[in-house]
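Working notes, beginning with the structure itself.
The values are calculated or read from the model by the stated rules, or taken from the named source; none is laboratory data. Please read all numbers here as calculations on a predicted model, not as lab measurements. Heads up, the Cβs are rebuilt from the backbone with ideal geometry, glycines too, and the neighbour counts pull from every protein chain shown.
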Amino acid sequence: MNQRFPVFFSEKRPFFMEGAGIFALAGQNGDSSLRTAVHSRRIVDPIFGAKVTGSLGRVTFASLSAVDESAGRDLPADSPDAGKDRIFNLGRMQYALGPSNYVGAIVTDSAFAGGFNRVVGADMTWRLTPSQRIEGFALGSHTRAPRAADASSGVGAQFNYTYETQRYTAQGSVEHYDRDFQMDTAFIKRVGISSGWAFLQRNFYPDKTRYGWMRRASLFSFTQGGQDRIAGGGDVMEVAGVRFNFTRQGFLRVDRSFGFEPWAGRRYTRGRTRMFGEVQMYRWLYVDGEFSSGRAVFYDPREPFAGNSVESQVGTTLQPSGRLSQRLSYDRVAFDHATTGARVYTLHIVNSKTTYQFTRAFSIRSLIQFDSTQHRVLTDFLSSYEPRPGTVVYAGYGSLIERRDFRDTQWIPGSGSYLTTRRGLFFKASYLYRF
């Protein structure tokens, strides 16, 4: 809610996870605009998929084709494109130049209702010394919207440098994306920008005989800045903090950020204080939590405004046995108007995930999520049978429970009760053949 770009969710479907690493471009990461060039969750509801991966000498290659019915299914019934499918075709190749060194190429194509998005590009990674590495990529896109007469083109590129030893880490990155660059297969946060970032970290290793409970302490600094041609201005962010690594997989991070960002032609001050920690307290109990507070922006394209937000999260994972795992988490976000102090919204999200592994091949999973802003509960129950990696059969049931605030055809907020509005059965099979 109230973000400049969608939330990133990792892929969980075995068909897309198998061999997915080859589609990653050198240098892509979460701190830059292009998080991943092939985010298979863009293929929302495939009715057909085929994938080929392999290697021949120094060459590693892969192709992926899929037909996604969600694009036309979600359109209004009277739309001329309702019911049409989006077709994806992807190709990838890497040529090894030695240990940890390669050059590669990628081609992606998506087509829907006469429109298309085609991207070609190349990438490389080269280890200069055991402690130094350079990597980068360049992409070009050509796009035409459905029923549009003209097409648009754009380029995107990124270059990274990394220096890393046991005590020091230094990283730098520069990137550029044209306003008209588009990549339908990618998870990309922003286009129309030119920016860069630098990261520095110093590690300290306490004496184990005196501080046996601490493994490492690190001071770090992250600086990012650039020009956003679509939002209309430059942005700067500076983050400074400390990390601690403890025994029992314990971790604690405390940092402070400050800077400014453009949005809808205006510049907004930003800055937050954040704490994050996790620990495996016992073999059967894992606990994590996060808290942050500071300046924020309400990203309305017409009437944006500055605000203050407080975000908190706490979670726990119980594993009483090797077969059973129970994950429970709670998130809360409160946003106040910076000028008036009035509460704009309060968000509560509760997630529950239960997994039971009957045998190596057979398992069941239950997901339940409550979202206070939409007053709804999502349920998802899934069983899977995977006799061997890549070959799997799924069967499940899902439902949507929503609060309906109508009373005698009148809208009265908070007056309704929760009712099941959607339910459905799910079955899917995937078969992997190696040759």
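Here are some notes:
- From the list F137, F88, the lone residue that is aromatic (F, W, Y), under 26 Å from L64 (Cβ atoms) and touching a Lys or Arg at 6+ places or on another chain (Cβ under 9 Å) is F88.
- Within segment 330-354, if we keep just the residues that are within 26 Å of the chain's Cα centre (by Cα) and among the small types (G, A, S), the residue that is farthest from Q313 (Cα to Cα) turns out to be S352.
- Segment 197-224, residues that are surrounded by 15 or more Cβ atoms within 10 Å (Cβ to Cβ) and within 27 Å of the chain's Cα centre (by Cα): W197, A198, F199, L200, Q201, S218, F220, F222, T223, Q224
- Filter pass, T339 being modelled with pLDDT under 95 and out of contact with any Ser or Thr (no Cβ under 6 Å at 6 or more places or on another chain): yes
- Residue match in segment 226-246 (condition: acidic (D, E), part of a strand (DSSP E or B) and free of Cβ contacts under 8 Å to residues at least 24 places away in the same chain): yes
- Residues (in contact with an Asp or Glu (Cβ under 9 Å, 6 or more places away or on another chain) and under 20 Å from A20 (Cβ atoms)) located in segment 52-69: T53, V67, D68
- Candidates G72, G21, G30, filtered to the one that is part of a helix (DSSP H, G or I), exposed (fewer than 12 other Cβ atoms within 10 Å of the Cβ) and among the small types (G, A, S): G21
- Number of positions in segment 13-45 that are over 21 Å from Q224 (Cα atoms), basic (K, R) and under 12 Å from the mean Cα position of the chain (by Cα): 2
- Segment 250-279 - residue that is surrounded by fewer than 17 Cβ atoms within 10 Å (Cβ to Cβ) and of a type in the set (A, V, I, L, M) and, of those, farthest from V310 (Cα to Cα): A264
- Residue list for segment 280-320, restricted to those being among the hydroxyl-bearing types (S, T, Y), without any contact (Cβ under 8 Å) to a residue 40 or more places away in the chain and either surrounded by fewer than 16 Cβ atoms within 10 Å (Cβ to Cβ) or within 18 Å of H337 (Cβ to Cβ) (or both): Y282, S293, S309, S312, T316
- Residues within segment 247-265 that are assigned to a strand (DSSP E or B), among the charged types (D, E, K, R) and closer than 23 Å to D288 by Cβ, tallied: 3
- Checking D81, D74 one by one, the residue that is in contact (Cβ under 8 Å) with a residue 24 or more places away in the chain and among the charged types (D, E, K, R) is D81 and no other.
- Checked against (1) touching a Ser or Thr at 6+ places or on another chain (Cβ under 9 Å); (2) more than 30 Å from G172 (Cβ to Cβ); (3) at pLDDT below 85; (4) not charged (D, E, K, R), L64 passes all but condition (3).
- Any chance R202 is part of a loop (DSSP other than H, G, I, E, B) and within 30 Å of F244 (Cβ to Cβ): no
- Pick from segment 33-47, criterion touching a residue at least 60 places away in the same chain (Cβ under 8 Å) and not in a helix (DSSP H, G or I), ranking: surrounded by the fewest Cβ atoms within 10 Å (Cβ to Cβ): R35
- Exclusive hit being over 30 Å from F116 (Cα atoms) and either among the acidic types (D, E) or touching a Leu at 6+ places or on another chain (Cβ under 6 Å) (or both), set D207, D184: D207
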